[in-house]
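The values are calculated or read from the model by the stated rules, or taken from the named source; none is laboratory data. The model shown is predicted, which means the values in this text are computed figures rather than measured ones. Cβ placement follows ideal geometry from the backbone for every residue including glycine, while neighbour counts extend to all protein chains displayed.
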Amino acid sequence: MSNGDTSDPHTLWWCSCTDGTTLAQVLKRPQVGLRRPDRWDAATVGYASLAALFTPLSAPAAVAVLLPGVLVVVLRAMRPVGDLPRDARPYRAAAQWLVLAVVGALWWLVAFLWGNDPEHPTLSLLLDPVLETYPGRLLGYTIWLGAGRWLVTR
Amino acid sequence: MSPYAVIATGFALVVVAMLGVQLAAAAGQRRFHRLGEASHAALTTRFGSWAVLLLWLWTGFHFLAR
């Protein structure tokens, strides 16, 4: 097929100019980073929008966290963990993030021992102004539930 | 510099470091590894799996329900 010939409906003119890649081939490529939202994304945002109605330090908020929390733990226990990608370096990756987590935890401890009050806030005190608002809690629940889904689907 | 500013700056630096590692890994820098790679690796061991799940649960309770 010559450059710019669009008689084949599966051929993109801008792809065939370079390597003859067809639309079908492009669509079959694994997507990196972004993917099309599915019904579980909708369910996650739906649940988050309801759960965010409950203010922290209330029984409904505790239940709203407990329900998906138990579900994720049970599902994770029932499903085998998939294989790591072939190019994964698990020990290096775990060590790298463990160091970052320990540094964060130590700084948290510094703030806690320094005062754990508005003048010496821990991370949760710093985030309180955000999580006291509905949009902040909606974002928080969405991220937290998304992480839970990710943990179950590995 | 007030204690508040010192503490907030420290937390911000930790978050920036985490984002930096994540973005560098996503950009293909082989010296850095995504959080997902570390978490997936932890899930393959019994101890690591419970540690990650408990950390996730605690995060939810601490920030959203405490």
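For residue A:128, the stated conditions do not hold, so it cannot be described as farther than 20 Å from residue B:51 by Cβ, out of contact with any helix residue (DSSP H, G or I) (no Cβ under 7 Å at 6 or more places or on another chain), charged (D, E, K, R) and outside any helix (DSSP H, G or I).
Scan the stretch B:16-25 for residues that are of a type outside the set (Gly, Ala, Ser) and surrounded by 13 or more Cβ atoms within 10 Å (Cβ to Cβ) and the total you get is 3. Within the stretch A:78-88, the set of residues being within 12 Å of residue A:153 (Cα to Cα) and either surrounded by 11 or more Cβ atoms within 10 Å (Cβ to Cβ) or touching a residue at least 40 places away in the same chain (Cβ under 8 Å) (or both) comprises A:79, A:81, A:82. Can you tell me which residue is nearest to residue B:25 (Cα to Cα) among those in the stretch A:81-107 that are more than 8 Å from chain B (Cβ to nearest Cβ) and part of a helix (DSSP H, G or I)? Among residues in the stretch A:81-107 that are more than 8 Å from chain B (Cβ to nearest Cβ) and part of a helix (DSSP H, G or I), the one nearest to residue B:25 (Cα to Cα) is A:95. When the stretch A:113-154 is filtered for residues that are over 23 Å from residue A:39 (Cα atoms) and in contact with an Asp or Glu (Cβ under 9 Å, 6 or more places away or on another chain), the ones remaining, listed by number, are A:121, A:125. Being surrounded by 14 or more Cβ atoms within 10 Å (Cβ to Cβ) and modelled with pLDDT of 95 or more holds for only one residue in A:151, A:100, and it is A:100. Would the stretch A:105-119 turn up any residue that is farther than 27 Å from residue B:4 by Cα, of a type in the set (A, V, I, L, M) and out of contact with any His (no Cβ under 9 Å at 6 or more places or on another chain)? Within the stretch A:105-119 (the criterion being farther than 27 Å from residue B:4 by Cα, of a type in the set (A, V, I, L, M) and out of contact with any His (no Cβ under 9 Å at 6 or more places or on another chain)), the answer is no, since none of the residues qualifies. Taking helices (runs of 4 or more DSSP H) as the structural unit, those lying wholly within chain B and holding at least 1 residues that are more than 9 Å from chain A (Cβ to nearest Cβ) and either closer than 18 Å to residue A:127 by Cα or touching a strand residue (DSSP E or B) at 6+ places or on another chain (Cβ under 7 Å) (or both) correspond to B:3-26, B:46-60.
Taking the criterion of being in contact with a helix residue (DSSP H, G or I) (Cβ under 8 Å, 6 or more places away or on another chain) and of a type in the set (Val, Ile, Thr), the residues of the stretch A:131-154 that qualify are A:142, A:152. For the stretch A:6-18, the criterion of being modelled with pLDDT of 50 or more and not in a loop (DSSP other than H, G, I, E, B) is met by no residue.
Annotation note: Cβ proximity below 6 Å between a residue of the stretch A:112-141 that is at the interface with chain B (Cβ under 7 Å from one of its Cβ atoms) and a residue that is basic (Lys, Arg) and outside any loop (DSSP other than H, G, I, E, B) (sequence gap 6+ or interchain) occurs for A:131/A:137.
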